[in-house]
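**Student:** This structure is in structure tokens; I'll ask about it shortly.
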Amino acid sequence: MHIHHDHVGGHSHDHSHEHTHDHSCEGSCAGCASKCEHTPMEELMALMQYMVNHNAAHAKELADLAAQLEKAGNHAAFEQVMAAVSDFEKGNMRLSMVLAGLK
């Protein structure tokens, strides 16, 4: 999966994320097609895990941005971005709980 988006400050960058999940094929499905078929629920769970990890990475990026705002002397902006990080993490925690309930 390849995602392109703009970031604060007018710059943009690409995120390349692979959709991966654990299964018994030792990381390669070559030669074992019948063993590597996944149910729709397994695929959904793999996608949920990907989203939880992806969201955690973006929360870290936002926290890093907040730290830069604090360093630049804009404490009010720092506090607002950190509040957004907290909200983001709460949402991700809900997704993690759903995922745990599916396992």
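The values are calculated or read from the model by the stated rules, or taken from the named source; none is laboratory data. Source: prediction; values computed, not measured. Reconstructed Cβ throughout: ideal geometry from the backbone, glycine too, with neighbour counts over all protein chains shown. SASA here: full protein model, heavy atoms, side chains in, ligands and nucleic acids out. Shrake-Rupley method; radii C 1.70, N 1.55, O 1.52, S 1.80 Å.
**Student:** Considering only residues that are without any contact (Cβ under 8 Å) to a residue 40 or more places away in the chain and open to solvent by less than 50 Å² (accessible area, probe 1.4 Å), which ones fall in region 85-103?
**Tutor:** Step one: filter region 85-103 for residues without any contact (Cβ under 8 Å) to a residue 40 or more places away in the chain, giving 85-91, 93-94, 97, 100-101.
Once the filter is applied, which keeps residues that are without any contact (Cβ under 8 Å) to a residue 40 or more places away in the chain and open to solvent by less than 50 Å² (accessible area, probe 1.4 Å), region 85-103 yields VAL85, SER86, GLY91.
**Student:** Of the residues HIS75, HIS38, which is exposed (fewer than 15 other Cβ atoms within 10 Å of the Cβ) and modelled with pLDDT of 95 or more? Working first, answer last.
**Tutor:** On the way: HIS38 fails: modelled with pLDDT of 95 or more.
After ruling out the rest, the residue left standing is HIS75.
**Student:** Restricting attention to region 48-60, and to residues there that are without any contact (Cβ under 8 Å) to a residue 12 or more places away in the chain and farther than 20 Å from LYS103 by Cα, which single residue is least open to solvent (accessible area, probe 1.4 Å)? Full working, then the answer.
**Tutor:** Filtering region 48-60 for residues without any contact (Cβ under 8 Å) to a residue 12 or more places away in the chain gives 53, 57, 60.
Then keep just the ones that are farther than 20 Å from LYS103 by Cα; that gives 57, 60.
On the way: ALA57: 51, LYS60: 121 Å².
Out of the qualifying residues, it is ALA57.
**Student:** Based on what the data block shows, is GLU42 without any contact (Cβ under 8 Å) to a residue 24 or more places away in the chain, outside any helix (DSSP H, G or I) and more than 12 Å from the chain's Cα centre (by Cα)? Even if it seems obvious, please write down each step before you answer.
**Tutor:** Working: without any contact (Cβ under 8 Å) to a residue 24 or more places away in the chain: yes; outside any helix (DSSP H, G or I): no; more than 12 Å from the chain's Cα centre (by Cα): yes.
Against the criterion (without any contact (Cβ under 8 Å) to a residue 24 or more places away in the chain, outside any helix (DSSP H, G or I) and more than 12 Å from the chain's Cα centre (by Cα)), GLU42 does not qualify.
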